[in-house]
Each structure stands twice: as structure tokens, then as C-alpha cells.
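S.K.: For reference, the structure I am asking about is given below.
The values are calculated or read from the model by the stated rules, or taken from the named source; none is laboratory data. These numbers come from a predicted model, not from an experiment. We place every Cβ from the backbone using ideal geometry, glycine too, and count neighbours over all the protein chains shown.
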Amino acid sequence: MSFLSILFGGPSVASKIKVLPISEFKAGISQKGVSLIDVRTASEFKSGAIANAKNIDFFNRSALQTAFSKLDPKKPVYLYCRSGNRSHKAAKLLDKMGFEEIYDLKGGYMAWS
């Protein structure tokens with residue numbers, strides 16, 4: 001067991017979640033076959049969003065889980081919210097659901113705009 005595993009009480013597991021700076025996030029979402037998900041509220045989404053993003057409100061858990069279950073877990077998923085907090089929690093959910101490539105925008109939409 002590593003020191004951190006002992007300290008935090010569990011085995012170390014490599015996370016499939018990668019937090020990306022804007023430049024890498026832009027490059028990733030320009031690829032074909034990726035999902036771009038905005039987990040902000042509908043009103044936040046209407047005030048401005050990244051082109052081609054699908055809005056799934058993080059606070060509507062049943063809709064979030066239903067939408068995530070319809071995605072292909074083998075294809076990359078790019079997430080963002082206002083600042084990165086909700087999208088990171090959504091990324092953890094995708095990780096638990098077995099998704100292989102999960103990318104979170106560092107700083108969220110505030111950093112993007």
C-alpha cells in the first residue's frame with residue numbers, strides 16, 4: 001500500500017478523469033464521435049454555452065443518470081459547468097458507470113468565456 005492509500009484509507013486506483021486546460025479541451029471537442037455535456041442549469045446554459053454542447057442539469061439527478069446511461073462508455077465524454085465543481089462530480093459518476101475517457105474543463109465555463 002502506498003502512503004496516500006494508507007493516509008486516505010483505500011487502495012490507489014488510477015482515475016479515468018482528466019482535467020484539461022482550455023487548449024486541450026478545445027482540441028478534444030473538435031474530434032468526431034465525442035460527447036460534449038454542459039451540466040449547468042437550463043438558465044445558465046441559455047445565457048451562453050460552448051457550441052454543440054448538450055445541456056443536462058446536474059441537479060436533476062434522474063435526468064442526468066438517464067442521459068449518461070444512453071451514452072457509449074467507450075467514447076470520450078467532455079464535461080463542463082460554471083467553475084468545475086459540478087462537472088467534476090458528474091465525471092466521478094461517469095467513472096463509476098464504467099466510462100473509459102472522461103474529460104473535465106479546468107475552470108469551467110468561467111475560464112472558457
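S.K.: Restricting the stretch 1-56 to residues that are in contact with a helix residue (DSSP H, G or I) (Cβ under 8 Å, 6 or more places away or on another chain), modelled with pLDDT of 95 or more and polar (S, T, N, Q), which is farthest from H88 (Cα to Cα)?
M.R.: N52
S.K.: I'd like the residue in the stretch 47-58 that is under 13 Å from the mean Cα position of the chain (by Cα) and assigned to a loop (DSSP other than H, G, I, E, B) and, out of all such residues, is nearest to K26 (Cα to Cα).
M.R.: Filtering the stretch 47-58 for residues that are under 13 Å from the mean Cα position of the chain (by Cα) and assigned to a loop (DSSP other than H, G, I, E, B), the one nearest to K26 (Cα to Cα) comes out as A53.
So that you can scan it fast, the table gives a plain yes or no per residue for (1) modelled with pLDDT of 95 or more; (2) of a type in the set (S, T, N, Q):
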residue: T66; (1), (2): yes, yes
residue: L71; (1), (2): yes, no
residue: K74; (1), (2): yes, no
residue: V77; (1), (2): yes, no
residue: H88; (1), (2): yes, no
residue: L94; (1), (2): yes, no
residue: E101; (1), (2): yes, no
residue: D104; (1), (2): yes, no
residue: S113; (1), (2): no, yes
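S.K.: Working only within the stretch 59-113, note down all residues that are in a loop (DSSP other than H, G, I, E, B), of a type outside the set (A, V, I, L, M), within 23 Å of K26 (Cβ to Cβ) and free of Cβ contacts under 8 Å to residues at least 40 places away in the same chain.
M.R.: Passing the criteria: D72, K74, S83.
S.K.: Scan the stretch 34-53 for residues that are loosely packed, with under 13 Cβ neighbours inside 10 Å and either in contact with a strand residue (DSSP E or B) (Cβ under 8 Å, 6 or more places away or on another chain) or hydroxyl-bearing (S, T, Y) (or both) and jot them down.
M.R.: The answer is A42, S43, S47, N52.
S.K.: Of everything in the stretch 54-101 that's polar (S, T, N, Q) and within 23 Å of W112 (Cα to Cα), which residue is surrounded by the fewest Cβ atoms within 10 Å (Cβ to Cβ)?
M.R.: Out of the qualifying residues, it is N85.
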